[in-house]
Amino acid sequence: MTNKVKKTFVLSALFLLPLLLYIFISSGVNNFGRLPILSENVIDVSEIDSAKTTTFKRNISIVVFLGEDIKSVKGGFFNLNQKIYKPFYGFKDFQLVAIYPNDKKEDVLKLKQEIGKFTDLVKWKFIGASAAEIEAVYESFSTNDSLTSLYANKAFIIDKEGKLRGRVDDKESVDGKLYGYNMHSVAELNNKMKDDVKVVLAEYRLALKKNNADREI
C-alpha cells in the first residue's frame, strides 16, 4: 500500500467513523432508547421551594428524599454523587434536587460540607419542606413504594416536562417497572441509572439538533 493510499484511507476513516457513530446513536435513541414515562402528574418542586428558585421545568432532575436520619443513610448520597452527579453536572440543564425536612437543616449543612470537600455542589439543590409537603411530592411520583421517615433509598429521574422516567421491562422488578434507582447499590447506579440519564440527555439534544436549535451544553 502506497503512502498516498494510506493517507487517503486514514482521512476517510477519520471522516466516516464519527458520522457512523452519530447515526448509530441517533438511530438507537430514536427507535429503541427513549426512556419510558412512568408518572406524568408530578408536583413541581417550585411548589415547596420557599425561595421559588428551583423547578423541574426545563431541567433534567435527579431527585432524592433525605429523610429524618441523614447520618445513617448518607452513604447512598455519596454513591449517587460519585456515580451520577459528577459525570453529568457539567450539563447546563442537569440538577440534583435533595428534599429534606425543615428541622434537619443542621444535618443537611454537615452533609453538604462532607460532600463539598471533593465535589462542586453548584448543581446540588437542597430544598427544605414540611412533612406534608414532602409526602405530597413523593406520592405524586406514583411509585410502588412509600417513604420511611420521609426517606427513600432510591433516586428518581424527572424530565424537563416534570415527568417521572424509568424502566418498564426491568427484570429485577416485581412488575417490571423501575421507578427509582437504589442509591446503596453501586451496580444499579452504574449499570442502570447512568445509562438511563444518558438516554434522557440524548433525547433532548437530538431533538434540539433536529430543530436546528443552538443550546449551550
If you roll a 1.4 Å probe over region 160-206 with all protein chains in place, what percent of the accessible area is carbon or sulfur?
48
Per residue value of the accessible surface for region 81-153 (all protein chains in place, 1.4 Å probe), Å²:
47
Got the relative contact order for region 104-212 handy, in percent, Cα pairs under 8 Å and 6 or more residues apart?
15
Taking the convex hull of Cα positions in region 128-209, its mean projected area over all directions (nm²)
6.5
Among GluC sites (Glu not before Pro) in region 135-165, those in a DSSP loop whose Cβ has at most 12 other Cβ atoms within 10 Å are Glu161
Lys and Arg at +1, Asp and Glu at -1: add these up for the other residues within a Cβ distance under 11 Å of Ser185 and post the number.
+1
Which aspartates and glutamates, if any, have their Cα less than 13 Å from the Cα of Lys71, not counting same-chain residues under 8 positions apart?
Glu106, Asp107, Glu114
Filter Lys57/Lys117; Lys52/Lys117; Lys52/Lys112; Lys92/Lys198 down to the pairs with a C-alpha to C-alpha distance above 24 Å, please.
Lys57/Lys117; Lys52/Lys117
Quick one: if the Förster radius is 22 Å, what FRET efficiency do Tyr204 and Glu40 give, using the C-beta to C-beta distance and rounding to 0.05?
0.80
Cα gyration tensor shape of region 83-127, rounded if a/c is under 1.5, else prolate or oblate by comparing a/b with b/c:
oblate
Among residues other than Thr148 whose Cβ falls under 13 Å from its Cβ, what is the net charge (Lys/Arg +1, Asp/Glu -1)?
-3
Summing +1 for each Lys or Arg and -1 for each Asp or Glu, what net charge is found among the other residues whose Cβ lies under 13 Å from the Cβ of Ile84?
+4
State which entries of Lys154/Lys177; Lys171/Lys192; Lys74/Lys171; Lys83/Lys171 exceed 18 angstrom in Cα-Cα distance in the structure shown.
Lys74/Lys171; Lys83/Lys171
Apply the a/c threshold of 1.5 to the C-alpha gyration tensor of region 30-105 and tell me whether it is rounded, prolate or oblate.
oblate
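The values are calculated or read from the model by the stated rules, or taken from the named source; none is laboratory data. All figures in this text were calculated on a predicted structure; none of them were measured in a lab. Positions of Cβ are generated from backbone atoms using ideal geometry, with glycine treated the same way; all protein chains shown enter the neighbour counts. Areas reflect the complete protein model, heavy atoms only, side chains present, ligands, DNA and RNA absent. Shrake-Rupley method; radii C 1.70, N 1.55, O 1.52, S 1.80 Å.
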